[in-house]
Amino acid sequence: MAHPQQTTKPAPYITIRDLTMAYDSFVVMKDLNFTIDRGDVFIIMGGSGCGKSTLMKIMVGLKEPAKGQIFYNDLSFWEADLSDRMNIMKHIGILYQYGALWSSMTLAENVAFPLEEYTDLGHNEIWELVSLKLAMVGLSGFEDFYPSEISGGMRKRAALARAIALDPDILFFDEPSAGLDPVSAKRLDDLILELRDSLGATIIVVTHELASIFAIGNNSVFLDPETRTMIAQGNPKMLLENTQDPKVLNFLMRGDTKGHIS
Amino acid sequence: MKMSFNGPTEGVLLIHLSGEWRIGGDLPPVKEIQNQLMSEIDIRKVAFDAKDLTQWDSSLLILLKKIKTLCSENSIFMDHEGLPKGAKRLLELATAVPEISDAKKVKEHETFLYLVGAETVHFFRSAREMIAFIGGAFLAFIRFFKGKARYRRTDLTMAIQECGAQALPIVSLISLLVGLILAFVGAIQLKMFGAQIYIANLVGIAMVRVMGAVMTGTIMAGRTGAAFAAQIGTMEVNEEIDALKTLGISPMEYLVLPRMLALVLMMPLLCLYADLMGILGGSIVAVGMFDINMFQYYIQTKGAVSLNDFWIGLFTSAVFGVLVALAGCLRGMQCGRSASDVGNAATSAVVTSIVSIIVATAVITIMCNVIGI
């Protein structure tokens, strides 16, 4: 098995190396190389349809890359045997774009399911944890509701409660602000930072919402659909100040680059 | 919609646009511009004069976009200055993101041979998927018998309720009517020979040996198979199956296994019930129209129907249970990510189930004939 290069810095937690993503013969992105450190709130950004969600799917094991590798610590995810890969996946929590709550279960059952599957906890302990997780996302009292009986924003928060049920080391968020009003989006951003600080989780957010990008991100990668590769990496605020790339600047300034591009 | 040319002078071709440009009007042919640009005179810049343009809409932009493409193909600068302000902005918007040429779906020339080839490839791909799915379901069954399968008991009981008790009204109605029809059609012929009593034999053997199972299978294909495909398809659309996979839970065990178990367990019971309802339907015709009393009908049926017939019927129904569950779940798992895909999955599940039921009936009938039972 190949290992990522050793550096003087602490080894990165997640390493993406020479990654190419494709649907059949159509290459979505190629030559992706970046690292994510433990405790980062890492933003995968870029315009609509540039392959952000596809990259997330590859990172969580839902889609195989056309080429390249993903390392969690020093373990190559796609080259690892199934049990090692499952072991990595147990430490990952995901908030899908539309929640993806299991519609035949109540909110409490949704949150309890990963606990029932992966822990030896008793019924009472599981339900205490379920109440705690739902309370953390502001859904205390909604335990017996089905996903179809609550609003989109509440569904998203319930899905977040499910994603953090097992106290994961890595949390993925696919377009967390999509479909939320500004206040709810801000609450979710605050919650993401809170989770990073309290759980010590590494957080990877797929988004193109500028407010969220600047509010929570401390590292990022910018995917460009034209060249079909990443054209920038770094702290989003630093990128805004220092980047010379007009596409990145255009994106980070919502297209209003007057006076910034010389 | 008027367009005229001035020049080229000093390498500049000036295009005059005038009149009212509206969608539906006759657009000036691009060929004219092409001829101008391709002429031997060296053109380095194309400019516009739109002072006499009274009104315009997207039709003007269509022409401007074509001119822009021609200019970039011939390395000619296109000066937007003379254009109306709005048109200038919209043109910039339309040309801001360059076309990703290989993203376009290539439309092959669909000759007969191409279509045959494409269908053959599709057939083999589907066959491979189907075999892989059957293999996965088989492995899930093995894990179930070893007690290692991960599924929710409540899902199994819900599926049993859905496939069993909730299907009784429709199975009752259809089976009763099928028995009634069989009796009526047979009785008219048998009456000519004074052999009305054999209605009981006809209905009894037909229902118990094959019709009970076939009718139950068909009902369950339309009712439950389609429901399975729609349920699993909707879960695919809502990323619920992705959420299961990333949690390390096999959708085959979690979603397919309980549904398949429920149908395999319930189908023989429903078939038995359908047999009884069909015989009841036959007795209604025999007693009501052909002066046969209920006791005679019962004795005649008892004498005609052997235990073998029962076992064959029950075995057939269990096979149908597997087929309907497999077809429903397979089509659900193959579902795409749009609402119409869910509808297609449900339709496809019903078609696949019914075709496989008919094929299986033919195979079982021939096998029974060969074995001599």
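In debye, nearest 20, what is the charge dipole magnitude of chain B about its Cα centre with +1 on Lys and Arg Cβ and -1 on Asp and Glu Cβ, if you could check?
1160
Below 8 Å, C-alpha to C-alpha, sequence gap of six or more: please give me the relative contact order for segment B:147-371 in percent.
Result for segment B:147-371 is 35 percent.
Can you compute the equivalent ellipsoid semi-axes for segment A:134-202, i.e. the square root of 5 times each eigenvalue of the Cα gyration tensor, sorted largest first and rounded to whole Å?
19, 15, 10
Can you flag which of B:K66/B:K88; A:K237/B:K88; A:K30/B:K68; A:K30/A:K156 are past 23 Å Cα-Cα?
A:K237/B:K88; A:K30/B:K68; A:K30/A:K156
Using DSSP to call loops (not H, G, I, E or B), can you name the trypsin sites (Lys or Arg not before Pro) in segment B:120-220 whose Cβ has at most 14 other Cβ atoms within 10 angstrom?
Those that pass, being in a loop and sparsely packed, are B:K146, B:K148.
Scale the Cα Rg of segment B:147-371 by the rule-of-thumb value 2.2 N^0.38 Å and send over the ratio, two decimals.
1.17
Please list, in order along segment A:58-73, the HN-Hα scalar couplings obtained from phi with the Karplus expression 6.51 cos²θ - 1.76 cosθ + 1.60 (θ = phi - 60°), rounded to whole Hz, x for Gly and Pro.
5, 5, 9, x, 8, 9, 7, x, 6, 7, x, 9, 10, 10, 9, 6
Out of residues 5 or more away from A:A22 or on other chains, whose amide H comes under 5 Å of its own, with H placed 1.01 Å from N in the peptide plane?
Residues meeting the criterion, in which the H sits 1.01 Å from N, are A:V28, A:A66.
State, to one decimal in nm², a quarter of the convex hull surface area for the C-alpha atoms of chain A, i.e. the direction-averaged projected area.
In nm², the orientation-averaged hull projection of chain A is 15.4.
What are the ³J(HN,Hα) couplings of segment B:31-37, residue after residue, when phi is run through the Karplus curve with 6.51, -1.76, 1.60 and θ = phi - 60°? Round to Hz, x for glycine and proline.
Listing the rounded values in order: 3, 4, 5, 4, 4, 4, 5 Hz.
Calculate how steeply helix A:107-118 sits against the longest principal axis of the alpha-carbon atoms of chain A, using the helix alpha-carbon long axis, and give the answer as 0 to 90 degrees to the nearest 10.
Once rounded, the angle reads 80 degrees.
Can you list residues from other chains, or at least 5 along the same chain, whose modelled amide H is less than 5 Å from the amide H of B:L53?
Here the answer is B:G19, since their amide H atoms fall under 5 Å of that of B:L53.
Round to the nearest 0.05 the FRET efficiency obtained for A:S25 and B:W311 when R0 = 41 Å and r is the Cβ-Cβ distance.
About 0.15, to the nearest 0.05.
What per residue convex hull volume, in Å³, comes out for the protein assembly as shown when only alpha-carbon positions are used?
Given the Cα convex hull of the protein assembly as shown, per-residue volume reads 268 Å³.
Angle between the Cα long axis of helix B:307-333 and the longest principal axis of chain B, 0 to 90 degrees, nearest 10?
Tilt relative to chain B: about 20 degrees.
For segment A:48-170, report the translational diffusion coefficient in µm²/s to the nearest whole number, using Stokes-Einstein at 37 °C, 0.692 mPa s, and a Kirkwood Rh over Cα pairs.
210
Assigning unit charges at the beta carbon (Lys, Arg +1; Asp, Glu -1) and nothing else, what dipole magnitude in debye, to the nearest 20, does segment A:23-63 show about its Cα centre?
120
Each residue of segment B:111-123 in turn: what ³J(HN,Hα) in whole Hz from Karplus with 6.51, -1.76, 1.60 and θ = phi - 60°, glycine and Pro shown as x?
Running phi through 6.51 cos²θ - 1.76 cosθ + 1.60 with θ = phi - 60° gives 7, 4, 4, 4, 5, 4, x, 4, 5, 5, 4, 4, 4 Hz.
Enumerate by residue number the trypsin sites (Lys or Arg not before Pro) in segment B:294-373 meeting two conditions: DSSP loop (anything except H, G, I, E, B), and at most 12 other Cβ atoms within 10 Å of the site's Cβ.
Loop-located and lightly packed - B:R337.
With springs connecting C-alpha atoms under 10 Å apart, model chain B as a Gaussian network and identify which of B:S338, B:S317, B:S58 has the largest mean-square fluctuation.
Maximum fluctuation in the GNM of chain B, among the listed residues, is at B:S58.
Suppose a student asked you for the relative contact order of segment B:2-103, using Cα pairs under 8 Å spaced at least 6 residues apart; what percent would you report?
28
Return the ratio Rg/(2.2 N^0.38 Å) for segment A:118-262, where Rg is computed over Cα atoms only.
Rounded to two decimals, the normalised Rg is 1.26.
Under a 5 Å amide H to amide H cut-off, with H placed in plane at 1.01 Å, what residues pair with B:G82 once short-range neighbours are removed?
B:F48
Here, each number is a calculation from the coordinates, and none is a lab measurement. A quick note: this is a predicted structure, and the numbers were derived from the prediction, not measured. Here Cβ is always computed from backbone atoms with ideal geometry, including for glycine, and neighbour counts include all displayed protein chains.
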